[in-house]
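Have a look at the structure below before the remarks.
The values are calculated or read from the model by the stated rules, or taken from the named source; none is laboratory data. The structure displayed is predicted, hence computed values, not measured ones. Cβ placement follows ideal geometry from the backbone for every residue including glycine, while neighbour counts extend to all protein chains displayed.
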Amino acid sequence: MANPGLIDEYLDELLDALRVDGRRARRILIETEDHLMEAVRDRIAAGSTPAEAERLAIERFGPARELATRFNNGAAPALSQKAWFLRLYLYAALLGGIGLIAVGVAGQISAGIGFAFGKDTVAGDQAGVTYTAARCAEYFEYAPGAASCDAAAVDHHFDEIWRNTTAALIVGVLVVGSHLWLRRRFASTDEGSTLPPRAFAILGAVAFGTAGVGLTAVGGLGTALDLHAGNASYLVDGLVALACFAAFAPSGWRSLRAMSEEGLSQYAAPAVAE
């Protein structure tokens, strides 16, 4: 049988270069060693000497640091359909949950502004909006003490904003919690591995950056043109989204630069021995 020295050195170098969690690193080393030893056995059976079989098997895998880079960048063997959908859910749940929490936080800030400076600051209607007598009656049922139909409408809209964003905050916390629980629950299996962190950072930066610019522009334009009284709500939403963008932007930018430098080939599944 082959002297395991070369393979041990290769695995040591691979371990030093890996930048993944401990459980994932152990699985990578075990699977890599299994493939290497199988390749060695096959080559010995084909007539190679043990030393030559080891050398050829390692050459087939490529440099240990290049292999580690592929794993560090999120490369993984082909996924089963179940694993693919679970990973997709974990990805969407985390990003969506963060988005819902951002909506909830923005809503609480808007509510505070409304209590401090008047509810119409965040829940006012566009200029020129009028309500039918029937609609006004519904608003007065909701806010019987309001001085006018417009004031009753503002009370109703303000409470809707507060209730809906509070619900978004609660749901967002639950969704992020489910993401963390599922990651821990399936951490010991391939199904529990996360998708490439680079893609998550880029998607988060794009999503929150786009939302932040759009909402801030709507609020700013509404304020400049005096389109309606509820511009503060859009501005708060936009600023919270931009704060989330600022959290994602550094890692997203680094990821884009790394992808540009390394090329898309770095995201392919690592080559393994036959």
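Test Gly99 against the criterion of being at pLDDT 85 or above and closer than 23 Å to Arg254 by Cα, and give yes or no. Break it down stepwise before answering.
Values: at pLDDT 85 or above: yes; closer than 23 Å to Arg254 by Cα: yes.
Criteria met by Gly99.
Tell me which residues, restricted to segment 136-148, are touching a residue at least 12 places away in the same chain (Cβ under 8 Å) and either within 17 Å of Ala232 (Cα to Cα) or surrounded by fewer than 19 Cβ atoms within 10 Å (Cβ to Cβ) (or both).
Residues of segment 136-148 touching a residue at least 12 places away in the same chain (Cβ under 8 Å): 136, 139-140, 142-143.
Scanning segment 136-148 gives Cys136, Phe140, Tyr142, Ala143.
When you scan segment 46-65, how many residues do you find that are touching a helix residue (DSSP H, G or I) at 6+ places or on another chain (Cβ under 9 Å), free of Cβ contacts under 8 Å to residues at least 60 places away in the same chain and in a helix (DSSP H, G or I)?
Within segment 46-65, residues that are touching a helix residue (DSSP H, G or I) at 6+ places or on another chain (Cβ under 9 Å), free of Cβ contacts under 8 Å to residues at least 60 places away in the same chain and in a helix (DSSP H, G or I) number 10.
Can you name the condition, by its number, that Thr216 falls short on among (1) modelled with pLDDT of 85 or more; (2) farther than 30 Å from Asp120 by Cα?
(2)
Given the criteria touching an Asp or Glu at 6+ places or on another chain (Cβ under 7 Å) and not assigned by TED's automatic domain parsing to the domain that holds Arg184, does Val20 qualify? Spell out the reasoning first.
Numbers: touching an Asp or Glu at 6+ places or on another chain (Cβ under 7 Å): no; not assigned by TED's automatic domain parsing to the domain that holds Arg184: yes.
No; evaluated as a whole, the condition is false for this residue.
Would segment 113-133 turn up any residue that is within 17 Å of Ala168 (Cβ to Cβ), exposed (fewer than 15 other Cβ atoms within 10 Å of the Cβ) and of a type outside the set (A, V, I, L, M, F, W, C)?
No, because not a single residue in segment 113-133 is within 17 Å of Ala168 (Cβ to Cβ), exposed (fewer than 15 other Cβ atoms within 10 Å of the Cβ) and of a type outside the set (A, V, I, L, M, F, W, C).
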